[in-house]
Amino acid sequence: QVQLVESGGGSVQAGGSLRLSCAASGRTFSSYAMGWFRQAPGKEREFVSSITRSGGSTYYADSVKGRFTISRDNAKNTVYLQINSLKVGDTAVYYCAARPLVVARDPSVYNYWGQGTQVTVSS
């Protein structure tokens, strides 16, 4: 079992930056692949980024590649999402998620979810 709590969202101008954090409970955090997803009003939850258990491999949606960076600190039970050059289209609730072992793009295969943190980007 793992519990996830996101933080770091807010309202920013286009072109600005934010760093989202996801704090996880439990001593088995390093056994989980982690992902970030986002959901805008009226849209399905979509894949943003993921990272393997040790942090050795990272993956990104095409829409965020080059602007977002995922990382993790297993000693602190925390995964991060650094988001730069924010666009209005990035506005969404951002969710942290965890699943055993292997990363995936499909949100339905992730077992644990945080409550989300709102990112709002204005022009």
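The values are calculated or read from the model by the stated rules, or taken from the named source; none is laboratory data. These numbers come from a predicted model, not from an experiment. As a convention, Cβ positions derive from the backbone with ideal geometry for all residues, glycine included, and neighbour counts pool all protein chains shown. The protein model used for the area step is the full one, side chains on, heavy atoms only, and it has no ligands, DNA or RNA in it. Shrake-Rupley method; radii C 1.70, N 1.55, O 1.52, S 1.80 Å.
Select from VAL103, VAL12, VAL79 the residue whose mean-square fluctuation is largest in a Gaussian network model of the chain (Cα-Cα springs shorter than 10 Å).
VAL12
GNM, the chain, Cα, under 10 Å: largest mean-square fluctuation among ARG45, ARG27, ARG72?
Result for the chain, Cα springs under 10 Å: ARG27 fluctuates most.
Over the range 71-123, what percent of the accessible surface lies on carbon and sulfur atoms, probe 1.4 Å?
Whole-percent figure for carbon plus sulfur exposure: 51.
How high is the relative contact order of the chain, in percent, with contacts defined as C-alpha pairs under 8 Å that are six or more residues apart?
Relative contact order comes out at 37 percent.
Pull up the DSSP beta bridges for the chain and report the antiparallel fraction as a percent, rounded to 5.
90
Determine ³J(HN,Hα), in whole Hz, for all residues of the range 68-79 in sequence, where each value follows from phi through the Karplus function 6.51 cos²θ - 1.76 cosθ + 1.60 and θ = phi - 60°; x replaces Gly and Pro.
Going residue by residue, I get 10, 9, 9, 8, 8, 10, 5, 5, 9, 6, 9, 10 Hz, with x marking Gly and Pro.
Report, by chain and number, residues whose modeled amide H sits under 5 Å from the one on PHE68, excluding near sequence neighbours (fewer than 5 apart, same chain).
ASN84
Take SER108, SER71 and sort them by solvent-accessible surface of the protein heavy atoms, 1.4 Å probe, largest at the top.
I get SER108, SER71, largest accessible area first.
Calculate the dipole size of the chain relative to its Cα centre from +1 charges on Lys and Arg beta carbons and -1 charges on Asp and Glu beta carbons; express the result in debye to the nearest 20.
200
Given the whole protein assembly as supplied and a 1.4 Å probe, what does the accessible area of ASP62 come to in Å², nearest 10?
Approximately 130 Å² for this residue.
May I ask you to evaluate 6.51 cos²θ - 1.76 cosθ + 1.60, the Karplus curve with θ = phi - 60°, for each residue of the range 46-60 and list the ³J(HN,Hα) values in order in whole Hz, giving x for glycine and proline?
Result, ordered by residue: 10, 5, 10, 7, 8, 8, 6, 4, 8, x, x, 9, 10, 9, 9 Hz.
Can you give the accessible area per residue of the range 15-123, in Å², using a 1.4 Å probe?
Here the residues of the range 15-123 average 49 Å² of exposed surface.
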